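The values are calculated or read from the model by the stated rules, or taken from the named source; none is laboratory data. Remember, predicted model here, so these are calculated numbers, not experimental data. Cβ placement follows ideal geometry from the backbone for every residue including glycine, while neighbour counts extend to all protein chains displayed.
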Amino acid sequence: MALDRWIALVLLSICLAYGYTAWFTMDSGLAPFMKRNPIWPSTFPKVLSALGVIASCIILFGLEKSAEQTAEIDYRRLGDYHLGQALLLLALMVGYALCLRPVGFLLSTAGFLFLGGAILGERKWYILMPVAACAAFIVWYLVQQVLGIYMRPLPGFWGA
Amino acid sequence: MLEGLLIGLQTALSMQNLLMVIGGCLIGTFIGMLPGLGPMSIIAIMIPVAISMGDPSAALILLAGVYYGAIFGGSTSSILLNAPGVAGTVASSFDGYPMAKQGKAGKALTIAAVASFAGGTIGALLLMVFAPALSSVALLFHSAEYFALMVVGLSAIAAFAGTGQVAKAMLMTTLGLIMATVGEGALFNLPRFTMGIMDLQSGFGFITLAMAMFALPEALFLVLRPKTTQQGDGAAIKDLRITRAEAKAIAPVIGRQSVQGFFIGVLPGAGATIASFLGYAVERNIAPKHEQDEFGKGSIKGLAAPETANNAACTGSFVPLLTLGIPGSGTTAILLGALIALNVTPGPRLMIDQPEVFWAVIMSMFIGNLVLLVLNLPLIPYIAKVLSVPRTYLIPFILFFTLMGAYIGQNNATELLLLVGFGICATALRFADYPLAPLLIGFILGGMLEDNFSRSMQLFDGPSFIWERPITLGLLVLAVLLVVLPSYRARRARLRMRGVADGD
């Protein structure tokens, strides 16, 4: 089965779970006076779940024939691309999200830019390191001072 | 209208707003030039900056400047590298890149800039005429008609998605609408589909979603497929002048394509990409035979047509946004999100309630186009140097700005995890050729669609508004036709093809 049909299957199950909630569980806690309304909080979701199920079934069962198109990236040959780099960068982004608060903006951003460059194959550390540090400081200065949005620059235990 | 024009001029010509236009155009050109980063990503990245300014006119002027700049920057990388940064400028590379290879890169860039300027300016003139007319009609609309209009807009987006893509676009739109129902709705004051998670109480963040749908997959595609990040040679751009004969040859093309592009841009879902391809095709078909052979080999008409059409279409796409509050494209959907965050509700009342916003945007279009022509064109050889920044520096910075865009808006690190999660899903959807813009448009329109639907249901005490109001019924029938017709025609064409084959 092609990837688009697998995705349609996943989306169909999401729509079914959503529909189940809308049709069978949502209305139980509704206040009696709201039940007299022509529209309930579940009305629109009910319509949407039906639409979603129909559209995903059309794709899943291949009812709409599509012209063969060459995708930008052939997912069947993912190994030919720089998949490792992409996955490492995603992991780095998750790490950045987790570090941003406890480690502070300056250190985590400089680290992110430095490691990102290193993952992509940059080996001129003497350029990469100052570029990462300067960029982190400039962005922090612009966001904090110019836009006025507070971002803790350094780890909390350093008193920042 | 004259009064409005003067208000607009006064607002747009203030020092701050002039700087916004110039800054926006420069930033847009700069980033739009990078292959893989389209106007949607750039605008999404710029939104937190725009919102933190607090002034809706300045914010919209900045974002609109970024939009034109990005389209112009996209043309530059199409012409110089044959690597369009934006789908709307793919057609520009058909003749622009051959011209650059013949050593006429400077001339090609000038033609692109002049054509963009003319397309954008004529588009803005048409916008000035049509937007007030359309909003005075739209003032008569009721919530039932609004609901139907939004349904038409969403179906048109699915209908224009292309052969075999209608169901995918429809599913993506529905998914966007479903995501919009998560959280506490204004109408019911009841948390829905939050699964008990406190962070979902206020729903998904629109900027996070925009970043995850566009900026992150594009950056990941750049990582996965490094060959597109070619090195540019800024030094090769010289001789920016065009001759009188060339100007005379492209003038009628520009005139025709400005009007055609504008009207295509007005249609929801069509936008700059379709306008540019259609403009190219039309001009090739009506050109004399000897000029037709030139198309694809460096024809100036072949470059001027898509460049004019895509800029006119960009301007045209502001018509439904400013007059009806309904975005017709991913980019205008992001602009709508930014406007709502700034407490401005685009729609027919925008011209009456906040004329300075409405007219300042139109005036800034003229100024923005002028800035692109006068300021950006001479700077292009220098701006093009950005193309030679190594990807080892470029990609971490793109990813960092994507993360920052989502973080600054909410100041919540959980948003970053959501961004990465949604980004991975969006990349998988792009692998499988699912269009992502309908999802975002559905998400942004979802709240308004439900509000109008609920209001009509309450006013008419049931769904009778559908058949009791003729405009609503007509619009809903049109919406159904828009979705069903392309599939029906494709099916009939296939059956006919099969019939011919059998007959042979």
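Taking the range B:406-472 as the region of interest, the helices (runs of 4 or more DSSP H) fully inside it that hold 1 or more residues being at pLDDT 85 or above and closer than 30 Å to B:PHE141 by Cα are B:437-460, B:465-468. Checked against (1) surrounded by fewer than 23 Cβ atoms within 10 Å (Cβ to Cβ); (2) in contact with a helix residue (DSSP H, G or I) (Cβ under 7 Å, 6 or more places away or on another chain), B:PRO390 passes all but a single condition, namely (2).
Regarding A:ILE14, is this residue in contact with an Asp or Glu (Cβ under 8 Å, 6 or more places away or on another chain) and outside the structural domain of A:VAL131 (by TED's automatic domain parsing)? In short, no. So, A:LYS65, is that one at pLDDT below 90 and either within 7 Å of chain B (Cβ to nearest Cβ) or more than 18 Å from B:PHE431 (Cβ to Cβ) (or both) or not? Yes, satisfied. Of B:ALA44, B:ALA50, B:ALA12, all but one fail to be of a type outside the set (D, E, K, R) and under 26 Å from B:PHE130 (Cα atoms); the exception is B:ALA12. Residues of the range B:358-377 that are modelled with pLDDT under 80 and surrounded by fewer than 24 Cβ atoms within 10 Å (Cβ to Cβ): B:LEU375, B:LEU377. Kindly check whether there is at least one residue in the range B:392-403 that is more than 9 Å from chain A (Cβ to nearest Cβ), among the β-branched types (Val, Ile, Thr) and within 23 Å of B:LEU34 (Cα to Cα). Yes, some residue in the range B:392-403 is more than 9 Å from chain A (Cβ to nearest Cβ), among the β-branched types (Val, Ile, Thr) and within 23 Å of B:LEU34 (Cα to Cα).
Yes or no, residue by residue, for (1) within 22 Å of B:LEU475 (Cα to Cα); (2) surrounded by 19 or more Cβ atoms within 10 Å (Cβ to Cβ); (3) within 11 Å of chain A (Cβ to nearest Cβ); (4) not charged (D, E, K, R):
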| position | (1), (2), (3), (4) |
| --- | --- |
| B:THR121 | no, yes, no, yes |
| B:GLY153 | yes, yes, no, yes |
| B:ILE157 | yes, yes, no, yes |
| B:MET172 | yes, yes, yes, yes |
| B:LEU177 | yes, yes, yes, yes |
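When the range A:98-134 is filtered for residues that are surrounded by fewer than 19 Cβ atoms within 10 Å (Cβ to Cβ), small (Gly, Ala, Ser) and either within 9 Å of chain B (Cβ to nearest Cβ) or on the phi > 0 side of the Ramachandran plot (or both), the ones remaining, listed by number, are A:ALA118, A:GLY121.
Test B:GLY279 against the criterion of being within 20 Å of B:ALA247 (Cα to Cα), of a type outside the set (A, V, I, L, M, F, W, C) and buried (at least 23 other Cβ atoms within 10 Å of the Cβ), and give yes or no. It is true that B:GLY279 is within 20 Å of B:ALA247 (Cα to Cα), of a type outside the set (A, V, I, L, M, F, W, C) and buried (at least 23 other Cβ atoms within 10 Å of the Cβ). Among the residues of the range A:81-104, those identified as over 21 Å from the mean Cα position of the chain (by Cα) and not small (Gly, Ala, Ser) are A:TYR81, A:PRO102, A:VAL103. In this entry, A:PHE137 is excluded by the filter for residues that are at pLDDT 85 or above and at the interface with chain B (Cβ under 10 Å from one of its Cβ atoms). The criterion of at least 1 residues that are within 21 Å of B:VAL90 (Cβ to Cβ) and not β-branched (Val, Ile, Thr) is met, among helices (runs of 4 or more DSSP H) falling completely within the range B:251-363, by B:271-286, B:289-292, B:300-316, B:330-341.
Against the condition under 30 Å from B:ARG491 (Cα atoms), in contact (Cβ under 8 Å) with a residue 40 or more places away in the chain and either within 9 Å of chain B (Cβ to nearest Cβ) or surrounded by 16 or more Cβ atoms within 10 Å (Cβ to Cβ) (or both), how does A:ILE59 come out, does it pass? Spelling it out, A:ILE59 is indeed under 30 Å from B:ARG491 (Cα atoms), in contact (Cβ under 8 Å) with a residue 40 or more places away in the chain and either within 9 Å of chain B (Cβ to nearest Cβ) or surrounded by 16 or more Cβ atoms within 10 Å (Cβ to Cβ) (or both).
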